[in-house]
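The values are calculated or read from the model by the stated rules, or taken from the named source; none is laboratory data. Bear in mind that the values here come from a model prediction, so they are computed numbers and not experimental data. Positions of Cβ are generated from backbone atoms using ideal geometry, with glycine treated the same way; all protein chains shown enter the neighbour counts. When the accessible area is computed, the model is the full protein with side chains, heavy atoms only, and any ligands, DNA or RNA have been set aside. Shrake-Rupley method; radii C 1.70, N 1.55, O 1.52, S 1.80 Å.
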Amino acid sequence: MAEIIDGRAVARKLDEETKAQIDAMVAAGMPHPGLAVVLVGSDPASEVYVGRKLKKSTELGIVSFEHRLPAETSQDDLLALIARLNADSAVHGILVQVPLPAHIDTGLVLRAIAPSKDVDGFHPVNVGRLSTGTGGIVPCTPLGVTKLLDTVFDDLTGLDVVVIGKSNIVGKPIAMLMLEREATVTVTHIETKGLADICRQADIIIAAAGAPELVRGYWVKPGAVIIDVGITRRKTADGKTKLVGDVKFDEVQHARAVTPVPGGVGPMTISCLMANTVQAARDQVAGKSGDGFTISFDDVPDRSMFTGETQD
Ligand code: NAD
């Protein structure tokens, strides 16, 4: 039987670490990290996601600033709000929930967020930093995937990783993170030929296609590790909704380890968002963010633990 990688447990541990970091920051005289969450319109799924993010923020000691705007909000008004949040020293992270209404240019809005406050890691500056291995904020789901792999492997050097899906928010950043870890990475997508054969070579399969139960047992070599990012909502016979991953879970029990859906990657995403917010706050306090949105905390009693400066 494959080991089941318990994403809920790993996320809980990450939350504890994040909370401990926040407590230490506050004890050192810094403000609580602040996260602004912007929701335009009332898409039901977005409402659920935003609600969860706000709840988790409160649990961990992150101050949340909620901006719920009507669906007819103009692009200019939204950009003006982002400019205000960029300049607000109490806000360390800005999250604009997507999808945005059709009349708003999503790319333009996401690019308007200061890179140092872009806790989703979608800004081209952060994408560039990730792809050049020069730091920046890493998108939450890909970050969560690496943290789950870290529960199985000490080292990914030389391992063959196949990523299924090449989206900007999941597949590509995962591939970049795996390259940073010295894995050999094959990125595949809907037009890839012979996907089953490619997957059969993999030590690690990361499925992020949104294609339910795409990865079959015969695609997986014995002892491989599988991370299932996919989430598809399916109606069951009794009218309920069931979440289905990209992997046919029952067929891959010859794998070494596999993430379940739900309870695998999903819980990691929101916990990584919280961790990113704390990182953003620390970098802004330490003046390391490098895009002009640095906060001066001359009156902070002990900055050394965040800046690497020593007291002596
Ligand atoms: P997307 O639609 O933007 O990209 C899907 C990618 O998969 C594309 O590159 C496409 O070419 C590829 N693909 C689709 N069908 C394929 C197939 N049959 N064979 C091979 N490749 C195929 O989706 P996304 O935003 O990257 O999300 C991917 C999945 O991950 C979705 O199910 C989404 O719900 C899920 N997701 C989960 C989390 C989480 O927190 N667990 C977060 C983000 C996305």
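Among the candidates 249, 306, 293, 297, the residue that is surrounded by 14 or more Cβ atoms within 10 Å (Cβ to Cβ) and at pLDDT 95 or above is uniquely 249.
Return the total of residues in the range 195-214 being within 11 Å of the ligand (Cβ to nearest atom) and in a loop (DSSP other than H, G, I, E, B). Please lay out each step first, then the result.
Within the range 195-214, the first condition is being within 11 Å of the ligand (Cβ to nearest atom), and the residues that meet it are 195-196, 198-199, 206-214.
Narrowing further to those that are in a loop (DSSP other than H, G, I, E, B): 208-214.
Final tally of qualifying residues: 7.
Looking only at the range 91-98, decide whether some residue is closer than 13 Å to residue 35 by Cα and among the polar types (S, T, N, Q). There is at least one residue in the range 91-98 that is closer than 13 Å to residue 35 by Cα and among the polar types (S, T, N, Q). Within the range 213-237, residues that are farther than 15 Å from residue 170 by Cβ have Cβ atoms under 6 Å from residues that are within 12 Å of the ligand (Cβ to nearest atom) and in a helix (DSSP H, G or I) in these pairs: 219/196; 219/199, counting only partners at least 6 apart in sequence or on another chain. Of the residues making up the range 217-230, those that are part of a loop (DSSP other than H, G, I, E, B) and in contact with a Cys (Cβ under 9 Å, 6 or more places away or on another chain) are 220, 221, 224. Look at the range 186-197: where a residue is of a type in the set (A, V, I, L, M) and a partner is outside any strand (DSSP E or B) and near the ligand (Cβ under 10 Å from one of its atoms), sitting 6+ places away or on another chain with Cβ atoms under 7 Å, you get 187/166; 187/171.
Residue pairs whose Cβ atoms lie under 7 Å apart, sitting 6 or more positions apart in sequence or on different chains, and linking a residue in the range 64-93 that is surrounded by 14 or more Cβ atoms within 10 Å (Cβ to Cβ) to a partner that is of a type in the set (S, T, N, Q) and in a helix (DSSP H, G or I), are 64/57; 64/58; 92/277; 92/284; 93/276; 93/277. Tell me, please, whether a residue that is more than 30 Å from residue 200 (Cβ to Cβ), of a type in the set (Val, Ile, Thr) and within 15 Å of the ligand (Cβ to nearest atom) can be found in the range 100-111. Looking for residues that are more than 30 Å from residue 200 (Cβ to Cβ), of a type in the set (Val, Ile, Thr) and within 15 Å of the ligand (Cβ to nearest atom), one finds at least one in the range 100-111, hence yes. A Cβ distance below 6 Å, combined with a sequence gap of six or more or placement on separate chains, defines the contacts here; from the range 280-291, residues that are in a loop (DSSP other than H, G, I, E, B) reach residues that are at pLDDT 85 or above in the pairs 289/116; 289/283; 291/114; 291/115; 291/116.
Can you find, within the range 97-106, the residue that is nearest to the chain's Cα centre (by Cα) among those that are open to solvent by 30 Å² or more (accessible area, probe 1.4 Å) and not β-branched (Val, Ile, Thr)?
Within the range 97-106, the subset open to solvent by 30 Å² or more (accessible area, probe 1.4 Å) is 98-99, 102-103, 105-106.
Filter once more, keeping what is not β-branched (Val, Ile, Thr): 99, 102-103, 105.
Numbers: 99: 16, 102: 24, 103: 26, 105: 22 Å.
Here the residue is 99.
So is residue 256 among the basic types (Lys, Arg) and either within 11 Å of the ligand (Cβ to nearest atom) or free of Cβ contacts under 8 Å to residues at least 60 places away in the same chain (or both) or not? Criteria not met by residue 256. When restricted to residues that are in contact with a helix residue (DSSP H, G or I) (Cβ under 7 Å, 6 or more places away or on another chain), away from the ligand (no atom under 13 Å from the Cβ), farther than 15 Å from residue 185 by Cα and open to solvent by 20 Å² or more (accessible area, probe 1.4 Å), the range 131-164 contains 5.
So that you can scan it fast, the table gives a plain yes or no per residue for (1) of a type outside the set (Asp, Glu); (2) under 30 Å from residue 255 (Cβ atoms); (3) surrounded by fewer than 17 Cβ atoms within 10 Å (Cβ to Cβ); (4) not assigned by TED's automatic domain parsing to the domain that holds residue 261:
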position	(1), (2), (3), (4)
4	yes, yes, yes, yes
7	yes, yes, no, yes
16	no, yes, yes, yes
33	yes, no, no, yes
41	yes, no, no, yes
52	yes, yes, yes, yes
55	yes, no, yes, yes
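A single member of 232, 236 is among the hydroxyl-bearing types (Ser, Thr, Tyr) and either closer than 18 Å to residue 184 by Cα or more than 16 Å from the ligand (Cβ to nearest atom) (or both), and it is 236. When residues of the range 255-280 are filtered for being in contact with a helix residue (DSSP H, G or I) (Cβ under 7 Å, 6 or more places away or on another chain) and either over 21 Å from residue 142 (Cα atoms) or of a type in the set (A, V, I, L, M) (or both), how many remain? Final tally of qualifying residues: 9.
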